[in-house]
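The values are calculated or read from the model by the stated rules, or taken from the named source; none is laboratory data. Quantities reported herein were computed from a predicted structural model and do not represent experimental measurements. For neighbour counting, all protein chains shown are included, and Cβ atoms are generated from backbone atoms with ideal geometry for every residue, glycine included.
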Amino acid sequence: MNLVNRAATEADALMLAQMNQRLIEDEHSRNPMTIDELHKRMTGWLKDEWGAQLFVESDTIIGYALYQLRQADYYPNRQMVYIRQFYIERDFRNRGLGSRAFKLLVENCFSADCAITIDVLASNPDGYRFWSRVGFHPYCTTMNLQRQENRDAQTN
């Protein structure tokens, strides 16, 4: 089977939003956004400084990545990449396609000397295992305190 990547466009924003909603479910995120809100946000990102790649196998879109090129924190002459979202459709997982898609993304879209940063939610152990398998290592832990008034506001 032939896995390829192609740049996503604004015309793909609704499909990306739908995949993003499934990603939110899979990683057990607290993100309460609706499809309409996700679509609006994705459209804005695609108009702005974010890039998105679709992963296609045999004319079927199996996933996507959303990323932003940034200046490296400690090396002003180097670029870094922040991957905000990486998703492979559920029916295509556990076949090595995620690893192959990530390799395509890195080889086709990013310079060889750039650092790549991701966030993995603590509620997503499958994601943590995947990213560890493709070579990522923990660098820091972001912690969050949900205060009562914040929880109450989220339920209203």
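Structure data summary
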{"read-out": "Yes/no for Ala17 being outside any strand (DSSP E or B) and surrounded by 20 or more Cβ atoms within 10 Å (Cβ to Cβ)", "value": "yes"}
{"read-out": "Of all residues making up region 48-105, the number that are outside any helix (DSSP H, G or I) and either in contact with a strand residue (DSSP E or B) (Cβ under 8 Å, 6 or more places away or on another chain) or in contact (Cβ under 8 Å) with a residue 40 or more places away in the chain (or both)", "value": "35"}
{"read-out": "Selection status of Asp126, of a type in the set (Asp, Glu), in a helix (DSSP H, G or I) and either modelled with pLDDT under 95 or within 15 Å of the chain's Cα centre (by Cα) (or both)", "value": "yes"}
{"read-out": "Filtered residues of region 25-47 (kept if within 14 Å of Phe86 (Cβ to Cβ) and either in a helix (DSSP H, G or I) or free of Cβ contacts under 8 Å to residues at least 12 places away in the same chain (or both))", "value": "Asp26"}
{"read-out": "Single residue of region 106-123 satisfying the filter (out of contact with any Asp or Glu (no Cβ under 7 Å at 6 or more places or on another chain) and assigned to a loop (DSSP other than H, G, I, E, B)) that is surrounded by the fewest Cβ atoms within 10 Å (Cβ to Cβ)", "value": "Ala112"}
{"read-out": "All positions within region 53-80 that are within 30 Å of Gln146 (Cβ to Cβ) and either surrounded by fewer than 17 Cβ atoms within 10 Å (Cβ to Cβ) or in contact with a helix residue (DSSP H, G or I) (Cβ under 9 Å, 6 or more places away or on another chain) (or both)", "value": "Tyr64, Ala65, Leu66, Tyr67, Gln68, Arg70, Asp73"}
{"read-out": "Yes/no for Arg6 being out of contact with any Pro (no Cβ under 6 Å at 6 or more places or on another chain) and more than 22 Å from Cys109 (Cβ to Cβ)", "value": "no"}
